[in-house]
Amino acid sequence: MTEDRLKTLESKTRYDPTEVEARIFAEWMEAGYFHPPAEGTPEENFSVAIPPPNVTGALHMGHALNGSMQDVLVRMNRMRGRNSLWILGTDHAGIATQSVVEKMLRAEGVSRHDLGREEFVKRVWEWREEYGSRIVEQYKRLGASCDYERERFTLDEGYVKAVYRVFKQLYDKGYIYRDNYIVNWDPGSHSAISDLEVENREVEDTLYSIDYPVEGSDQVLTVATVRPETMLADTAVAVNPDDKRYGDLVGRHCILPLVGRRLPIVADEHVDPEFGTGALKITPGHDPNDFEIGRKHGLEEIVAIGPDGRLTEEAGERFAGMTVAEAQEAVIAALREEGALRAEEPYVHSVPFSHRSGERIEPLISLQWFCRMDELAAPAIEAVESDQVRIAPSQWKRVYLDWMREIRPWCISRQLWWGHRIPVWYCDACEETIVAESEPERCGACGGELRQEEDVLDTWFSSAIWPFATLGWPDDTPELRAFYPTSFLTTAREILFLWVARMIMTGLEFAGDVPFRDVYVHSVIQARDGRRMSKSLGTGIDPLEEIDVHGADALRFGLLAMSSTQDVRYSDAKVQQGRDLANKLWNASRLILLNTAEVEAKPIAERIEDRWILSRLERTIASVSEKLDAYDFAHAAQEAYAFFWSELCDWYLEIVKPRLYEGEAEVSANLLWVLERTLALLHPIMPFVSEEVWSYHPSREGHLEVHSFPQADRSLFDDEAESKIGSGIELTRRLRAWRDMVEAPAATQLSCIVEGGAQPEEFVARLARFEFVENGGDPIAAVGPVKVLASAEIDAEAIAARLEKRREELRSEVARAEGKLANEKFVARAPAELVEEERTKLERYRAELEELAE
RNA sequence: GGGCGCGUAGCUCAGUGGGAGAGCGCUCGCCUCACACGCGAGAGGUCGCUGGUUCGAACCCAGCCGCGCCCACCA
């Protein structure tokens, strides 16, 4: 060790992550550990594809938790000697990115339409060059050991090729088609969006009842609606076929107020006779249910609301050009004037909103591209049913299957400029439609000019192929052969359908295998007050700030320790626990490294306390590894913590200090051994501090990052040592408690004797600050197997109180055991060893109580 | 409307058939030659409520009360 480093070790009593983390990360990058060769088979290797963050994104707690879990597994497997790849990349995030750049342009007073499509897309690329790597840099702060040399982007050249290949093949199979269909129109992003991007919110609206006169009679049909303006596009009225009230009206017509259109009265089972009057106005152009009913009955489809959210010519010139809200007001006023408005009442119901823009969805019929999902879903259902893909925790398996079994066509076109422009070309001359992986020059049929489809693909269409497209598919690359299928995927449940399900479908269809073997659905970290973390609510906690203050190791430990299977509130205490752990690791290591003799690190299981710590260490290794392998990160982290803090620091280090200070070789070898195994065990969870401490290890070269992950050595498990040292610890605790109880001053030397039986371990006297004597003095109290002798400086009353307290405890224990044993059924039916155990305890308590009798 | 999950110490959470646990906070005593981001000792809980199963229930079952999330086309 150089003078400098020795000095650091001697003088620095507090671990400073900020100084360490950047330096260590640079060392790992320099060494190229994160960039594995494309060799071996997917079974031998370990690989994970990161859920690609949006290029516009900034690292949030979800990423931090998700990233910590992936990094733990990747590092652990890398240390186990497996060729480990963590695929990194970003998502072009159509709507999100387009709106960020549009907003920027707006600040310059320019709209994207001013620029035109080509120039606008160029500007988005410029934006991406400048800001797109921000989140990647943030992953580095977390310590994520991704392969930064293989970074991908969903719009890079090779990726586009993969997307177009997929589109073409799905089209050729007849899964992708173009249709006029009712879609979720998002007036905010001026695009259609898929069902999964819609969220329903409870809204208080007004429910209006409107009279529709029946043609050729003075009867009226009263219909109820929360959207009176859509009546302008009504093309029928429906009643339930079993509804006796209206049986004779089916087949006749109503006259639509304000418009005068003749509306057929149809019978449809969808109509609930209990609701309102049992008559339902049908607007196929602007309501998903009505659309279904309309198609079933061959009704006319009128679209009266345009993509700009304003009423069109179809609504009649009286209303054309109005916004939806204006039209609603105008329609109500007009109906009132005509006396057709029968009633209005407040009405709470759920209404679709765009998850993207937050605006209320406007359902309308438009010409869009769809992908039929049934054929793709079938093998993806089978893959999960048969556990080729395992989903944990297990309840999510069923959620996945339920959704997949009800899957509906996916609207994949978006009216945006930023994204994969749909690879379809139209020939205006001969009306030919050409789908191709690259742009054709001329129409193959007539040689005419071609014009490319304006729409782009849903962003999720390209993320659906992430695990294999990032590895070079459709080419047969070494990466694909070495790392596909990937091993593991961890995700938030909110994208189980949006992303995970679709990856399984495309993986099976195009890459010939499932995309990953295990899916772990992690919990959600909520804000401190239990609300969801969100930028708009201002409830987000910035992981980078937490890293600045406490260090990446602290945040990683904290997140892993706090996150169990259920959602949890963000716990500052857990992150601090992580910070304290890093500090303690540094300090315990200082104690060891500065005091051990120059020996090789190795386990020497001779003395009882050495056997004890080795046994505890190996059991901890077994248990922590088992938990990590089962994705139980929280318990793994806390168990490693408990071993290091309580057993290693609080007990073993204190027990062996005298030997350590003497520079005893045996204890030195053991301590170095225990330290290095502990560091290696903790490294996947806290890579920085463990690597830093490792660099001071006198006899180990190279980085801990590529050292082997410990495997439990069961031959060191030692029940005898655990039991003996366990009783020593127990006795120490009781003696200390006794000291406190009688308020003995710290400096007071107390004595005790042991009558018969085995002599307690040496450390008991030292750590409890007692002296064990052979004989002499007045025994005044029994503490476990020892008797404390009288001393001038302790308070007699306190001793009496202590004795009484113990007697009380014993009496209650005796009563409990007696009660249990008096129960004949317990004795008869409980397992024999349990009954025996109870008898033994009872005898022991009775004996001690007798000894303490006044 | 359907589904999933949660109510355990002041707070945040583990535990899921045989004597209630952790971290933080709190109280008391310690700057003891690794660490005050520390050490030692404590206090603190009818395990939401009511029934049931069992020799035995925080844990299994049923009902109820509160809370959260997901899915769903009742205008």
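The values are calculated or read from the model by the stated rules, or taken from the named source; none is laboratory data. None of these values were measured; they are calculated from a predicted model. We place every Cβ from the backbone using ideal geometry, glycine too, and count neighbours over all the protein chains shown. Heads up: the accessible areas ignore ligands, DNA and RNA and are worked out on the full protein's heavy atoms, side chains in. Shrake-Rupley method; radii C 1.70, N 1.55, O 1.52, S 1.80 Å.
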Task: Charge dipole of segment A:575-636 about the Cα centre (unit charges at C-beta), most positive-ward option of A:ALA630, A:VAL575, A:ILE613 - done: A:VAL575
Task: Solvent exposure of segment A:402-553 as accessible area per residue, Å², 1.4 Å probe - done: 39
Open item on the list: If you count only protein heavy atoms and use a 1.4 Å probe, how large is the accessible surface of A:ILE799, to the nearest 10 Å²?
Closed with: 20
Task: segment A:570-634 and segment A:480-507: distance between their alpha carbon centers, rounded to Å - done: 35
TODO: Counting only heavy atoms of the protein chains, get the accessible area per residue of segment A:230-354 (1.4 Å probe) and round it to a whole Å² value.
DONE: 49
Open item on the list: Give me the mean projected area, in nm² to one decimal, of the convex hull enclosing the Cα positions of segment A:41-147.
Closed with: 8.1
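What does the highest-first list of A:445-454, A:660-669 look like by mean Cβ count within 10 Å?
Ranking, from highest mean packing down: A:660-669, A:445-454.
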Open item on the list: What whole-number distance in Å separates the alpha-carbon centres of segment A:57-81 and segment A:202-229?
Closed with: 57
Open item on the list: Looking only at Cβ-Cβ distances, which cysteines of chain A have no other cysteine closer than 4.7 Å?
Closed with: A:CYS146, A:CYS254, A:CYS371, A:CYS411, A:CYS649, A:CYS752
- [ ] Find the relative contact order for chain A and round it to a whole percent, using C-alpha pairs within less than 8 Å whose residues are 6+ positions apart.
- [x] 13
Task: Inter-probe distance in nm under a simple model that places probes 7 Å from Cα toward Cβ, at A:ALA642 and A:GLU449 - done: 7.5
TODO: Between the alpha-carbon centers of segment A:429-473 and segment A:720-751, tell me the distance in whole angstrom.
DONE: 78
TODO: Using a/c under 1.5 as the rounded threshold, could you call segment A:690-826 rounded, prolate or oblate? The axes a ≥ b ≥ c are square roots of the C-alpha gyration tensor eigenvalues, and prolate needs a/b larger than b/c, oblate otherwise.
DONE: oblate
Task: Dipole magnitude of chain A, debye to nearest 20 (Cβ charges: Lys/Arg +1, Asp/Glu -1, about Cα centre) - done: 820
Task: Sequence-separation-based contact order of segment A:84-150, relative, with Cα cut under 8 Å and 6+ spacing, percent - done: 61
Task: chain A, accessible surface, carbon-and-sulfur percent (1.4 angstrom probe) - done: 47
TODO: Could you estimate the translational diffusion coefficient of chain A from the Stokes-Einstein equation, with Rh from the Kirkwood formula over C-alpha pairs, at 37 °C and 0.692 mPa s, in whole µm²/s?
DONE: 100
Open item on the list: Suppose each label sits 7 Å from its Cα in the direction of the beta carbon; what would the A:GLU292-A:VAL827 distance come out to in nanometres?
Closed with: 6.8
TODO: Wrap a convex hull around the Cα atoms of segment A:342-405, take a quarter of its surface area, and give that in square nanometres.
DONE: 8.6
Task: DSSP-defined antiparallel bridges as percent of all bridges, segment A:716-854, nearest 5 - done: 70
- [ ] Scan segment A:248-350 for chymotrypsin sites (Phe, Trp or Tyr not before Pro) in coil per DSSP, keeping those whose Cβ has at most 11 other Cβ atoms within 10 Å, and list them by number.
- [x] A:PHE275
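Return one quarter of the surface area of the convex hull spanned by the alpha-carbon atoms of segment A:427-510, equal to its mean projected area, in nm².
Hull-based average projected area comes out at 7.5 nm².
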TODO: With an 8 Å cut-off on Cα pairs and a minimum separation of 6 or more residues, tell me the relative contact order of segment A:464-619 in percent.
DONE: 16
Open item on the list: Can you show me the helix-derived [θ] at 222 nm for chain A, built from DSSP H runs with n ≥ 4 at -39,500 (n - 2.57) apiece and divided by the number of residues, rounded to the nearest 500.
Closed with: -13500 deg cm²/dmol
Task: Estimated distance in nm for a label pair at A:MET1 and A:TRP403, the labels positioned 7 Å out from Cα along Cα-to-Cβ - done: 5.3
Open item on the list: I need the fraction of alpha carbon pairs in segment A:542-692 separated by more than 22 Å, rounded to a whole percent.
Closed with: 41
TODO: Kindly work out what percent of the DSSP beta bridges joining two residues of chain A are antiparallel, to the nearest 5.
DONE: 70
TODO: Figure the gain on full extension for A:HIS190 and A:LEU852 (residue separation times 0.36 nm, minus the Cα-Cα span) and round it to one decimal in nm.
DONE: 229.8 nm
- [ ] Express in nm, to one decimal, how much length is gained between A:ILE495 and A:ALA22 on full extension, taking 0.36 nm for each residue of separation and deducting their alpha carbon distance.
- [x] 167.0 nm
Open item on the list: Would segment A:208-323 count as rounded, prolate or oblate if I go by the C-alpha gyration tensor, calling it rounded below 1.5 in a/c and otherwise prolate when a/b exceeds b/c, oblate otherwise?
Closed with: prolate
TODO: Enter the accessible area per residue of segment A:688-766 (Å², integer; probe 1.4 Å; all protein chains in place).
DONE: 49
Open item on the list: Given axes a ≥ b ≥ c from the Cα gyration tensor, I'd like to know whether segment A:634-705 is rounded (a/c under 1.5), prolate (a/b larger than b/c) or oblate.
Closed with: oblate
Task: Options A:SER209, A:ALA96, A:ILE176, ranked by Cα towards positive dipole end of segment A:96-214, top entry (Cβ charges) - done: A:ILE176
- [ ] Give, in nm to one decimal, the length gained when the segment between A:ARG342 and A:GLU762 is fully stretched (0.36 nm per residue of separation minus the Cα-Cα distance).
- [x] 141.8 nm
Task: Farthest positive-ward along segment A:710-804 dipole, Cα basis, beta-carbon charges - from A:ALA798, A:ALA746, A:ALA782 - done: A:ALA746
- [ ] In whole Å, largest first, what are the principal axis extents of the Cα atoms in segment A:106-234?
- [x] 78, 43, 37
